[in-house]
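*Asks:* My questions all concern the structure below.
The values are calculated or read from the model by the stated rules, or taken from the named source; none is laboratory data. From a predicted model like this one, the values you see are computed outputs, not experimental measurements. Every residue, glycine as well, gets a Cβ built from its backbone with ideal geometry; the counts of neighbours run over all protein chains shown.
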């Protein structure tokens, strides 16, 4: 019987360098804040409208709904703020990686060989800050591919360009 | 089956190139096949209306009857014309290693598929096709769902010629394809099929049957609602549930009946699907022929298989049989139309190793140690188990007013614990230079084998609690779905992560 790790340790293979990961653009935090506050004020105003117009009678506990909303959004805000520094990406010569998550950490790597196509998206707020979303698609189940939000538009196109040449070559 | 004509068509290989160079329609019998398919789906959609119609038959006046017949005749003729037009507009040819198809009466569609995108070519025969002796040829691709092609009627010679000209587009394969190995790898006779069906998961068969019946009754219910029959049923139920003592006998009787129904339904299911199962190994492909009412012939290309799963259960283990499931690249766009699962039932150990040898030559995983997942996985399972148990108890609390029912936990808890312990014990993984093997299962035992180079992307997940215990989940995303190893030591997970990436990036083999 052979232990797989012992056996394979004989050949050396490159490791994912934890400290070489790049943080995404600081400016993207603004986009996150904008989206967050839009959602926050939208939900508050929905509760307010329902309370005010009396479509459903919630006046008895409307106060608690506001409190619950504010607490939930505060927690969400803190998670977004602290978790932001955890969003990192890395482009190596043969693959692209992304990691994120404060309580649910996730690291994903897609080798260039396996990429089907790449997409660059820009939302209205991101456009204002000149940021973009880079999405990498692989074959098969397309739900769980790599998505890097909040990198500079120029960086995104550069990465896309680089990967395209790598795929062809 | 058709061995002679097979050889003949092999000789005619040379003509294949010219055979499909012009746009051609399928066999004329195709009109009949399309027509019967249409009529069948029409009947399926309107069978309740028809029954109602027959019930009220005597009450209808002569004039409205004539109109009825006229209407039916018009519908029948309409579908005949439609079938003819579909047939006439369905044309295909082969050009520059592309399969080109144009179809559609009003909305014209042009489809072009390069040969190397074609995943497999299957032959199929339903009852009508068996009677008029034509074959349905299905061309499956990985990728877009609307590129799935189904040619409804071809003669056997045409079908094989088409298959050959598609599969043998590069010269290297041509030679070996002619030397067909006549002796099948696996032949399952009626008795062996009986063995397979007895050892099936009868609960599953029963659930499938119940699901079918529920769908059937819901259809009925919609039509008969409010007709007064509900009351009758309700009365029947309330009368019989009043006496608790007799209900125990009824329950016993029903559970016996359920066991019997489960057995029979597994048998019927297995017989319909896998009747006369024969598997051939031809060069780089597996050919699987099976089916009772619908005969199917599947050709599985070796390099299109993403991963395989070998499964068995305690009963099957005693008889020394297991089944193999082959996973191919999914067509990502249509989620609802799941690709048919390709399965070989009733494999003996020798046959399994032959198939393994075909797919992964020169690989032997038996020499490697099994790695157990971390005990964190067990605690996670227990936590889930306790959650489910408390839900069940809550259900009891509201369902029965009697407190004695909670004694059932004395039985339930050990059962849960036993299941969790076996599930944890079976969760192991091992890997060699090129292959990864993951074992899992509770009552059944599954063994998934995946070559590293078929992996599309790798990811590692860790919750806050897992991080404190220094364990992580490893997920291999393949073209045929996710494969997950839960809760292994973080450093080992990272090592495997890096190793898998290294294998993918240095591999020269194409994943499909």
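*Asks:* So, of the residues in the range B:221-256 that are surrounded by 11 or more Cβ atoms within 10 Å (Cβ to Cβ) and at pLDDT 60 or above, which turns out to be nearest to residue B:201 (Cα to Cα)?
*Replies:* The residue in question is B:254.
*Asks:* Okay, next question. Looking at (1) outside any helix (DSSP H, G or I); (2) within 9 Å of chain A (Cβ to nearest Cβ), which one does residue B:473 not meet, given that it meets all the others?
*Replies:* (2)
*Asks:* Moving to a separate point now. What residue, among those in the range B:493-511 that are touching a helix residue (DSSP H, G or I) at 6+ places or on another chain (Cβ under 7 Å) and under 16 Å from residue B:429 (Cα atoms), is farthest from the other protein chains (Cβ to nearest Cβ)?
*Replies:* Ranking the qualifying residues of the range B:493-511, first place goes to B:500.
*Asks:* While we're on this one: Kindly evaluate residue A:97 against the criterion of being in the same structural domain as residue A:36 (by TED's automatic domain parsing) and either surrounded by 15 or more Cβ atoms within 10 Å (Cβ to Cβ) or touching a helix residue (DSSP H, G or I) at 6+ places or on another chain (Cβ under 8 Å) (or both). Write out each step before concluding.
*Replies:* On the way: in the same structural domain as residue A:36 (by TED's automatic domain parsing): no; either surrounded by 15 or more Cβ atoms within 10 Å (Cβ to Cβ) or touching a helix residue (DSSP H, G or I) at 6+ places or on another chain (Cβ under 8 Å) (or both): yes.
It is false that residue A:97 is in the same structural domain as residue A:36 (by TED's automatic domain parsing) and either surrounded by 15 or more Cβ atoms within 10 Å (Cβ to Cβ) or touching a helix residue (DSSP H, G or I) at 6+ places or on another chain (Cβ under 8 Å) (or both).
*Asks:* Part of a loop (DSSP other than H, G, I, E, B), more than 12 Å from every other protein chain (Cβ to nearest Cβ) and without any contact (Cβ under 8 Å) to a residue 40 or more places away in the chain - does that describe any residue in the range A:84-92? Break it down into steps so the answer makes sense when it comes.
*Replies:* Residues of the range A:84-92 part of a loop (DSSP other than H, G, I, E, B): A:87, A:92.
Cutting the leftovers down to more than 12 Å from every other protein chain (Cβ to nearest Cβ) gives us A:87.
Imposing the further condition that a residue be without any contact (Cβ under 8 Å) to a residue 40 or more places away in the chain reduces the set to none.
Looking through the range A:84-92, none of the residues is part of a loop (DSSP other than H, G, I, E, B), more than 12 Å from every other protein chain (Cβ to nearest Cβ) and without any contact (Cβ under 8 Å) to a residue 40 or more places away in the chain.
*Asks:* A further question follows. Name the single residue, out of those in the range B:267-287 being within 19 Å of residue B:138 (Cβ to Cβ) and under 14 Å from the mean Cα position of the chain (by Cα), that is surrounded by the fewest Cβ atoms within 10 Å (Cβ to Cβ).
*Replies:* Among those residues, the one meeting the criterion is B:272.
*Asks:* In addition: Could you please find all residues in the range B:446-466 being surrounded by fewer than 21 Cβ atoms within 10 Å (Cβ to Cβ), at the interface with chain A (Cβ under 7 Å from one of its Cβ atoms) and more than 24 Å from residue B:307 (Cβ to Cβ)?
*Replies:* Hits for the range B:446-466 are B:463, B:464.
*Asks:* Give just the number: which of (1) surrounded by 17 or more Cβ atoms within 10 Å (Cβ to Cβ); (2) within 14 Å of another protein chain (Cβ to nearest Cβ) does residue B:376 not satisfy?
*Replies:* Of the numbered conditions (1) surrounded by 17 or more Cβ atoms within 10 Å (Cβ to Cβ); (2) within 14 Å of another protein chain (Cβ to nearest Cβ), the odd one out for residue B:376 is (2).
Conditions (1) modelled with pLDDT of 80 or more; (2) touching a strand residue (DSSP E or B) at 6+ places or on another chain (Cβ under 8 Å), marked per residue:
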position: B:27; (1), (2): yes, yes
position: B:30; (1), (2): yes, yes
position: B:38; (1), (2): yes, no
position: B:58; (1), (2): no, no
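*Asks:* In this structure, is residue B:397 within 13 Å of chain A (Cβ to nearest Cβ) and assigned to a helix (DSSP H, G or I)?
*Replies:* No, not satisfied.
Let's see how each residue does on (1) within 20 Å of residue B:300 (Cα to Cα); (2) modelled with pLDDT under 80; (3) in a loop (DSSP other than H, G, I, E, B); (4) over 19 Å from the mean Cα position of the chain (by Cα):
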site	(1), (2), (3), (4)
B:110	no, no, no, yes
B:124	yes, no, no, no
B:128	no, no, no, yes
B:136	yes, no, no, no
B:150	yes, no, no, no
B:158	yes, no, no, yes
B:169	yes, yes, yes, yes
B:173	yes, yes, no, yes
B:191	no, no, no, yes
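*Asks:* Which ones in the range A:103-160 are touching a residue at least 60 places away in the same chain (Cβ under 8 Å) and within 13 Å of chain B (Cβ to nearest Cβ)?
*Replies:* Scanning the range A:103-160 gives A:107, A:109.
Quick grid of which residues meet (1) exposed (fewer than 13 other Cβ atoms within 10 Å of the Cβ); (2) within 18 Å of the chain's Cα centre (by Cα):
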position: A:17; (1), (2): yes, no
position: A:38; (1), (2): yes, no
position: A:46; (1), (2): yes, no
position: A:59; (1), (2): yes, no
position: A:62; (1), (2): no, no
position: A:67; (1), (2): yes, no
position: A:83; (1), (2): no, yes
position: A:93; (1), (2): yes, no
